[in-house]
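The values are calculated or read from the model by the stated rules, or taken from the named source; none is laboratory data. Remember, it's a predicted structure, so these values are computed and weren't measured experimentally. Cβ placement follows ideal geometry from the backbone for every residue including glycine, while neighbour counts extend to all protein chains displayed. Ligands, DNA and RNA are stripped out before the accessible areas are found, and what is left, the full protein with its side chains, is counted by its heavy atoms. Shrake-Rupley method; radii C 1.70, N 1.55, O 1.52, S 1.80 Å.
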Amino acid sequence: MWSYKQYRRLGHLGAQQAPTHSTEKAEERQKLENLKSSTETDSEAKGATEEGKNEANKDDDDFVIRAAEEDDPMDPRNWPLVGRAKNIAILSLLIFVQAWAGADASMANSDASKEFGVQPIQESAYTAAYLFGIGTGALLFGPVSETVGRNPTYLVSTFCFLFFVLGTALSPNLASQVVCRFFVGLFASATLAINGASVRDQFRPVKRTFVFPVIAWANVTAPVIAPICGGWIVARTDISWRWTNWVTLIISAFAFLVALLFLPETFLPILLDWKAKQLRKATGDDRYTSEHAKGEFFSARLKRIGLLPAKFLATEPVIAVLGAYLVLLYSLLFSFLSGFEYIFKHTYNLSAGQTGACFAAIAAGTTVFLVLAPGLYSWARHHTEHVQGAAVQPEFRLWPAIYTAPLLPISLFWLGWTNQPTISIWSGLGACFCFGLVLIATYVSSYEYIIDSYGDHAAIALASITMVRYLVAGCVVMAARPMYERLGVSWTMTLLGCIAAVLAPAPLLFKIFGKKLRAKSPYAKGPEDD
């Protein structure tokens, strides 16, 4: 609805500009007529005339609509700050509800297993199928959004998402539930994979320091707030565990309606394409076009990026290592959905509602980082010497990850080896708080570093990481229960803590050697572009 309002507004603008453009085209036509009426007799003059005709015909073929200048009001980066803040709030709501869906019924594993007559390990496919769906769709929706725009991609995918959430709530058996969950994840991948591009559409580098933590908070906090709600639903005897799905459907439908009514299109090439269409309509001249309309079709875009994810992961150390770090963090996050049953429920004899409430410790860690976002923004402003529109050196983005990286192995060893009934539950919750802090700090640093380093290739780089992150996390979710049962909490956390200790120096190493790595990369921006 809001994007339609944008389109109509561009129509009024086109009608106002039509006389000016018509005058310019009349002058071009007059020049062409003058060239056609020339009657040079010698061969050199004829050649010049033919060349002039060809040049005039070439110029007459089309009028490409482009952004006028850096402060063009059509550019979403120049829209009023209040409007852009509204857009980020709506986008965060969409992200939150679709990330929430990944963990909505995690506390209902036992009840669902009994109803469907399967083992709890088999019911873990509920979460794994969602993660596999996101991993499958991660590479698909970037080209879709660049072809039809961000707004239609968000709205259509969310509408389909709602239908499969409804299907999940009504599923009579595990098989139908898993199929619906896969498509829930597939359509959620549109919002979860391209939201970083929407932030880049609307904000320059320094302001992204403030905005991106908000988007990241919605991404990583929703899966740990959902079990809190789900735990108390499961603990109640007067309602079914399926209400975990109905709650997801209700909040997602609300988010969809808000986005439908108030979320605008933010992809500048699409906005310029709309302007060209309105000028064609206002003037009756079909030569108005845009670079987007003259560019690649969806199939060509998809074909062009088809092999790049594998190439990025194989040849770009930044993508491979930071991707591995995020894979570990997301594997931990989603394995905790079943792991908290062993870490807290069995150890401290908690109810389902109390076990779900333990996820609040992770949410508290992510929220504390969000509260620090204004400080990060001020730091970035100081780093760029308060120059408006200045670029931020990519390695500067790594500081939050550098400071928090040592906390990841510490928190895992701490959680594993204090997991005893004789030790206060607050000890384990403190470790979870530290994990939440590391989770969001690494997410923000990695994404912003990749966006600033890879420029126009950032979307493909992030999609590559997103694909691998969710596919591996889906596999880990299926292995989590057997791992906790066979190794126990202490040795499971020790194993994961050792992996975290190996990856912990990565942000610092990229801070030191990042410029050299970017200089050697054919895809990253070199140090001279900082």
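Taking the range 200-306 and the helices (runs of 4 or more DSSP H) fully enclosed by it, the elements with 1 or more residues that are closer than 26 Å to Arg84 by Cα and open to solvent by 40 Å² or more (accessible area, probe 1.4 Å) are at 205-235, 243-262, 268-283. Do we find a residue being within 20 Å of Gly323 (Cα to Cα) and open to solvent by less than 40 Å² (accessible area, probe 1.4 Å) anywhere in the range 115-129? There is at least one residue in the range 115-129 that is within 20 Å of Gly323 (Cα to Cα) and open to solvent by less than 40 Å² (accessible area, probe 1.4 Å).
The set of residues in the range 48-84 that are open to solvent by 40 Å² or more (accessible area, probe 1.4 Å), at pLDDT below 75 and either more than 30 Å from Phe212 (Cα to Cα) or in contact with a Cys (Cβ under 8 Å, 6 or more places away or on another chain) (or both) comprises Ala48, Glu50, Glu51, Lys53, Asn54, Glu55, Asn57, Lys58, Asp59, Asp61, Asp62. Residue pairs whose Cβ atoms lie under 7 Å apart, separated by 6 or more positions or on different chains, with the first residue in the range 63-88 and free of Cβ contacts under 8 Å to residues at least 60 places away in the same chain and the second open to solvent by 70 Å² or more (accessible area, probe 1.4 Å), are Asn78/Asp71. The residue list Ala320, Ala361 contains one member that is surrounded by fewer than 23 Cβ atoms within 10 Å (Cβ to Cβ), small (Gly, Ala, Ser) and either touching a residue at least 12 places away in the same chain (Cβ under 8 Å) or not in a helix (DSSP H, G or I) (or both), which is Ala361. Do we have any residue at all in the range 162-175 that's part of a loop (DSSP other than H, G, I, E, B), over 27 Å from Ala105 (Cβ atoms) and of a type outside the set (Lys, Arg)? So far as the range 162-175 goes, no, none of its residues is part of a loop (DSSP other than H, G, I, E, B), over 27 Å from Ala105 (Cβ atoms) and of a type outside the set (Lys, Arg).
The single condition among (1) outside any helix (DSSP H, G or I); (2) in contact with a Phe, Trp or Tyr (Cβ under 9 Å, 6 or more places away or on another chain); (3) not β-branched (Val, Ile, Thr) that Asp72 does not satisfy is (2). Yes or no: Ala380 at pLDDT 90 or above and either assigned to a helix (DSSP H, G or I) or open to solvent by 50 Å² or more (accessible area, probe 1.4 Å) (or both)? Here the answer is no, as Ala380 does not meet what is asked. So, in the range 137-154, exactly how many residues are surrounded by 18 or more Cβ atoms within 10 Å (Cβ to Cβ) and in a helix (DSSP H, G or I)? Qualifying residue count for the region: 12. Screening the range 284-306 for residues that are within 15 Å of Val64 (Cβ to Cβ) and among the hydroxyl-bearing types (Ser, Thr, Tyr) and picking the one that is modelled with the lowest pLDDT gives Ser290.
Of all residue pairs spaced 6 or more apart or on separate chains, those with beta-carbon atoms under 6 Å, a first member in the range 449-472 that is over 12 Å from Gly142 (Cα atoms) and a second member that is at pLDDT 90 or above and hydroxyl-bearing (Ser, Thr, Tyr) are Arg469/Tyr330.
Gln354 falls short of the stated requirement of being modelled with pLDDT under 85, assigned to a helix (DSSP H, G or I) and of a type in the set (S, T, N, Q). One residue stands out in the range 483-529 among those that are open to solvent by 50 Å² or more (accessible area, probe 1.4 Å) and among the aromatic types (Phe, Trp, Tyr): the one that is farthest from Ala459 (Cα to Cα), namely Trp491.
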